[in-house]
Structure formats: C-alpha cells, structure tokens
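Enquirer: Pasting a structure here, questions to come.
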Amino acid sequence: MNGTRVVVLGAGIVGAACARELALAGGFEVTVVDRGGPAEATTAHGEGNVLVSDKGPGPELRLAQLSRRLWPEALATIADGPAGSADAVRAVEWDPKGGIVVATTEAGAAGLTDFAAGQRAAGVRAEVLDAAALAAAEPHVTRDHAAALHYPEDAQVQPAAAAAALLGDALAHGATLRTGCEVLGARTRGGRLTAVRTTEGDLAADLFVNAAGPWSGRLAARLGAPVDVRPRRGDILVTAPLPPTVFHKVYDADYVGAVGSSAEDLQTSAVVEATRGGTVLLGSSRRRTGFDDRLRPEVLAAIAAKALRLFPGLADVPVMRAYGGFRPYVPDHLPVIGADPRLPGLWHASGHEGAGIGLSLGTARVLRDLVRGTEPEIDPAPFRVDRPAVLGAPALSEESA
C-alpha cells in the first residue's frame with residue numbers, strides 16, 4: 001500500500017475520520033476534497049450525538065459500540081499531538097454525560113422495556129430509574145411518566161469542532177485539503193475509476209472514498225455508480241442560555257421509532273439536551289423533503305410541543321434560534337461502507353442518517369481495514385454496497401435541487 005493515493009470526497013466528520021485513519025495507517029497519500037469548506041454542511045447542523053441508547057441489537061449497534069470505544073482513544077491521541085492539538089480537543093467538548101429515555105405512556109413503557117432487554121443482551125448498559133432516581137438525575141423532567149432508563153455510555157460532542165480535530169490530525173500526518181472543489185464526473189480506464197473531473201481540473205488517485213453525506217447519492221451518480229442515499233431533513237430549536245437545567249441527553253421513547261421509520265411525512269419526538277454554553281437543544285424531526293432547506297413553522301411548533309411534554313418548565317424560556325440540516329438516509333437504515341463492485345477504485349462511507357457524528361470513527365476504522373485487506377473488528381457484510389436497499393433507484397424528486 002506504500003504510496004497509495006487516496007482522495008476522500010467530503011470534508012464532513014465522516015470524511016475527516018476516514019482521512020485521519022488512512023493518514024495514520026501509513027502508506028497512503030491522502031487528499032480531502034470538498035465543494036465547500038470543512039464540516040460546514042451536515043456536520044455543522046447536527047447535535048453531536050454519540051449514542052448507543054437508540055440502537056437495537058444488530059450491525060448498527062455493533063458499529064456504534066466500536067465508535068464509542070474509539071472516541072476517547074482518538075481524542076487522547078490527538079491531544080498528545082502537535083502544539084495546539086490540546087486546544088482543538090478541548091473545543092470538541094467531549095461529554096460522556098449519559099442518556100435518559102423516558103416513556104410517557106404505558107404502551108411506550110412496555111416497548112422501552114422490551115427494547116432495553118435486547119440491548120442488554122448485546123452488551124449495552126441500560127439501568128432502570130425509579131421515580132426518585134429520575135428526579136435526582138433530572139430535577140426538571142416531567143413526573144408524569146411510566147418508565148425511565150439510564151444509558152451511561154451515551155455521550156456528546158460539539159460536531160464541527162470534532163470534525164476539525166479529526167481533520168487537523170489527518171493534516172498533521174500528511175493529508176492535504178482542497179476546498180471549493182466540486183466533483184463533476186469520472187475518468188475511467190479499463191473499467192476502473194482513475195480520476196475525478198472537478199471544477200479545479202482532474203484529480204487522479206488509486207482509490208476514491210465517497211463521504212459526501214446526503215449528497216453521496218448525487219455524487220455517486222455523477223461517477224457512474226449510483227447508490228440510494230437520499231437527504232432526510234431534521235430541525236432543532238435552541239433556547240437562550242439557562243442555568244443548569246438538563247443534565248443528560250433526555251428523550252422520549254418515541255424517538256427510537258422515529259429514527260427507524262421510513263415514512264416520508266413528518267416524524268417528531270422529544271429530544272432535549274444542554275450544551276456547555278448553557279443553551280438547550282430541542283429536537284427532533286425527520287422528514288423527506290429533498291434538498292428544500294426552508295424552516296417550517298409547523299415543524300418547529302411540533303418539536304416544541306413534544307419537548308414540553310418532557311420538560312414543562314421550558315414553556316416560558318425564549319427560543320434564540322432554529323436550524324436544520326440534511327442527513328444521509330438509506331431505506332434499510334444502515335450505513336454504506338466498502339468498495340463499489342461496479343466501479344473498481346470507488347469506495348463508499350455514507351448513509352448514517354442522523355448518527356454520523358457518533359458512527360464516524362467506527363466507520364473509518366472499518367474502511368481502513370477493508371482498504372488494507374485486513375479483517376475488521378466487526379462484520380462489514382451488512383454495510384456492503386451491493387445490497388438491494390443501496391442499489392435501488394433513488395427518488396428523482398430527492399435527487400433534484
């Protein structure tokens with residue numbers, strides 16, 4: 001692999017993580033390309049979740065568990081790097097604060113109990129909280145609940161800063177970055193991808209990693225190997241800074257169902273968490289609108305209403321701003337990681353929907369191992385490119401705009 005030229009297409013957190021893993025592995029000449037700037041699209045519009053609590057037993061949970069183990073290891077390694085690295089890691093705001101899931105109905109409590117039992121069998125820590133324990137952990141949460149579980153492994157980062165730290169470490173280990181460079185198409189030789197045509201001219205390499213997030217489907221189509229990765233929008237409300245009010249990531253048990261839903265219409269659930277700056281983030285929504293980036297008042301109202309069911313005391317707190325972003329959705333809700341069998345030289349690392357921050361490091365580690373021809377720590381087969389959900393034709397309405 002010595003001198004293998006790799007171009008990572010996308011400078012969001014998944015692309016940054018892939019670039020870092022390959023740069024640290026040695027033997028790769030890594031270039032990261034983005035049509036805009038680093039982490040300025042999907043990554044900058046997320047909440048920074050590093051979760052195991054919302055994933056049932058299966059391949060995504062195994063990827064989440066791998067990633068959760070790698071996050072503190074990676075940040076410790078970066079902090080010991082060149083001057084300024086420690087400051088970059090502090091900006092990441094790594095916070096292993098844990099998550100609390102609250103069921104507000106008896107039906108929700110039954111579903112949550114069954115879900116947690118399966119998770120425990122897969123190695124997830126899920127601890128039952130009685131009313132007194134919940135009140136001690138979250139003094140301002142609703143007392144009108146049927147069940148609550150504590151997930152001590154859940155964590156949070158500041159997403160743009162996390163991506164910057166990963167990318168900075170990749171650059172410190174020899175990677176290069178090209179921004180304002182949009183991919184227009186492919187150059188092939190003998191059926192193999194050998195270069196991409198860009199607005200800045202042709203860029204040749206031995207392999208290319210499609211890490212363009214919600215735009216991965218469009219990019220893959222431009223390269224002649226379409227994959228069904230579509231945009232799914234989410235919106236978040238941000239309150240004015242408050243005294244300490246929310247101490248964990250707290251969400252309603254309905255959130256798991258919304259994450260796993262394939263419905264095109266609006267899905268909302270209550271997700272509430274604080275940042276180190278004192279603001280409280282209120283989510284969440286999921287809707288398939290293509291690349292329509294307009295904020296919808298009715299969506300924001302639905303988010304606020306769900307959040308108030310968990311934290312009624314937030315009713316009089318002013319909302320400072322709202323923002324939304326696109327997440328890379330795949331119909332079977334699994335990421336796409338690995339080589340494209342239709343076009344040698346093309347690899348994919350996308351399709352994480354709203355879990356890309358948390359899953360980025362595990363994705364990069366699996367990709368690195370596959371590229372090097374070594375066996376990954378977890379089974380990569382469920383994430384393969386040539387599965388029906390990925391090779392199906394994407395909706396034209398969602399590929400436009």
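The values are calculated or read from the model by the stated rules, or taken from the named source; none is laboratory data. As the structure is a prediction and not an experimental result, all values here were calculated from the model. Glycine gets a Cβ as well: all are built from the backbone with ideal geometry, and neighbour counts include every protein chain shown. For accessibility, only protein heavy atoms count, side chains too; no ligands or nucleic acids. Shrake-Rupley method; radii C 1.70, N 1.55, O 1.52, S 1.80 Å.
Enquirer: At ARG342 and ALA240, where each label point lies 7 Å from the Cα along Cα→Cβ, what is the point-to-point distance in nanometres?
Expert: If labels sit at ARG342 and ALA240, their model points lie 5.3 nm apart.
Enquirer: Please work out how much length the chain gains when fully extended from ALA135 to ALA305, using 0.36 nm per residue of separation minus the C-alpha to C-alpha distance, in nm with one decimal.
Expert: Between ALA135 and ALA305, full extension yields an extra 59.1 nm.
Enquirer: Just name one of HIS333, GLY168, VAL52: the one whose Cα is farthest towards the positive end of the charge dipole of the chain (beta-carbon charges, Lys/Arg +1, Asp/Glu -1).
Expert: About the Cα centre, the residue reaching furthest to the positive side is GLY168.
Enquirer: Evaluate the distance, in nm, between pseudo-label points positioned 7 Å from the Cα of PHE247 and of ARG197 along their respective Cα→Cβ axes.
Expert: A separation of 6.0 nm, rounded to one decimal place.
Enquirer: Starting from segment 119-207, pick out the trypsin sites (Lys or Arg not before Pro) whose DSSP state is loop and whose Cβ has at most 16 other Cβ atoms within 10 Å.
Expert: Filter output for segment 119-207: ARG125, ARG143.
Enquirer: What ranking do 305-317, 10-22 get when scored by the average of other Cβ atoms within 10 Å per residue, highest first?
Expert: Packing proxy ranking, top to bottom: 10-22, 305-317.
Enquirer: Would you mind counting up the charge near VAL385? Only other residues with Cβ under 14 Å from its Cβ, with Lys and Arg at +1 and Asp and Glu at -1.
Expert: Once positives and negatives cancel, what remains is -1.
Enquirer: Per residue, how large is the accessible surface of the chain? Use a 1.4 angstrom probe and give square angstrom.
Expert: It amounts to 38 Å² per residue over the chain.
Enquirer: As a test of the formula, what do you get for the chain when each DSSP H run with n ≥ 4 contributes -39,500 (n - 2.57) and the sum is divided by the residue count, at 222 nm and rounded to the nearest 500 deg cm²/dmol?
Expert: -10000 deg cm²/dmol
Enquirer: Could I ask something else about it? How many nm separate the modelled label positions at ALA122 and ARG387, each set 7 Å beyond the Cα in the direction of the Cβ?
Expert: Inter-label distance under the simple model: 1.2 nm.
Enquirer: Shape call for segment 161-273 from the C-alpha gyration tensor, a ≥ b ≥ c root eigenvalues: rounded (a/c under 1.5), prolate (a/b greater than b/c) or oblate?
Expert: Oblate, since a/c reaches 1.5 and b/c is not below a/b.
Enquirer: Explain nothing, just the number: dipole magnitude of segment 1-122 about its Cα centre with +1 on each Lys and Arg Cβ and -1 on each Asp and Glu Cβ, in debye rounded to the nearest 20.
Expert: 260 debye
Enquirer: Stokes-Einstein diffusion coefficient for the chain at 37 °C in a medium of 0.692 mPa s, Rh from the Kirkwood formula over Cα pairs: what value in µm²/s?
Expert: The Stokes-Einstein estimate is 154 µm²/s.
Enquirer: Within 14 Å, Cβ to Cβ, of ALA274, how many net charges do the neighbouring residues add up to if Lys/Arg are +1 and Asp/Glu are -1?
Expert: My count for the surroundings of ALA274 gives -3.
Enquirer: Only four residue types carry charge here, +1 at the Cβ of Lys and Arg and -1 at the Cβ of Asp and Glu. Report the dipole size of the chain about the Cα centre in Debye, rounded to the nearest 20.
Expert: Rounded to the nearest 20 debye, it is 820 debye.
Enquirer: Right, here's the next one. Specify which residue in the list SER67, ALA304, LEU149 is farthest towards the positive end of the charge dipole of the chain, using unit charges on the beta carbon of Lys, Arg (+1) and Asp, Glu (-1), about the Cα centre.
Expert: Working it through, the farthest residue towards the positive pole turns out to be SER67.
Enquirer: Give the separation of the Cα centroids, segment 288-319 to segment 21-84, in Å.
Expert: When both Cα centres are located, 28 Å separates them.
Enquirer: Mind grabbing the accessible area of ASP87 for me, 1.4 Å probe, Å², rounded to tens?
Expert: 90 Å²
Enquirer: To the nearest 10 square angstrom, what accessible area does TRP71 show with a 1.4 Å probe?
Expert: Number for this one is 0 Å².
Enquirer: Which whole-number percent of Cα pairs in segment 1-97 have a distance greater than 19 Å?
Expert: Of the Cα pairs, 55 percent sit more than 19 Å apart.
Enquirer: Tally up the carbon and sulfur contribution to the accessible surface of the chain as a whole percent, 1.4 Å probe, everything protein left in place.
Expert: Carbon and sulfur atoms account for 53 percent of the accessible area of the chain.
Enquirer: Would you mind counting up the charge near HIS145? Only other residues with Cβ under 13 Å from its Cβ, with Lys and Arg at +1 and Asp and Glu at -1.
Expert: My count for the surroundings of HIS145 gives -4.
Enquirer: Seen from all sides and averaged, what is the projected area of the convex hull of the Cα atoms in segment 237-372, in nm²?
Expert: One quarter of the hull surface, i.e. the mean projection, equals 10.1 nm².
Enquirer: Another one. Evaluate the Debye formula for segment 61-160 with equal point scatterers sitting on the alpha carbons, no solvent, and hand back log10 of I(q)/I(0) at q = 0.11, 0.20 Å⁻¹, in q order, two decimals.
Expert: -0.46, -1.01
Enquirer: Could you give the length gained on full extension between ASP206 and ARG372, defined as 0.36 nm per residue of separation minus the Cα-Cα distance, in nm?
Expert: Roughly 58.5 nm would be gained on extension.
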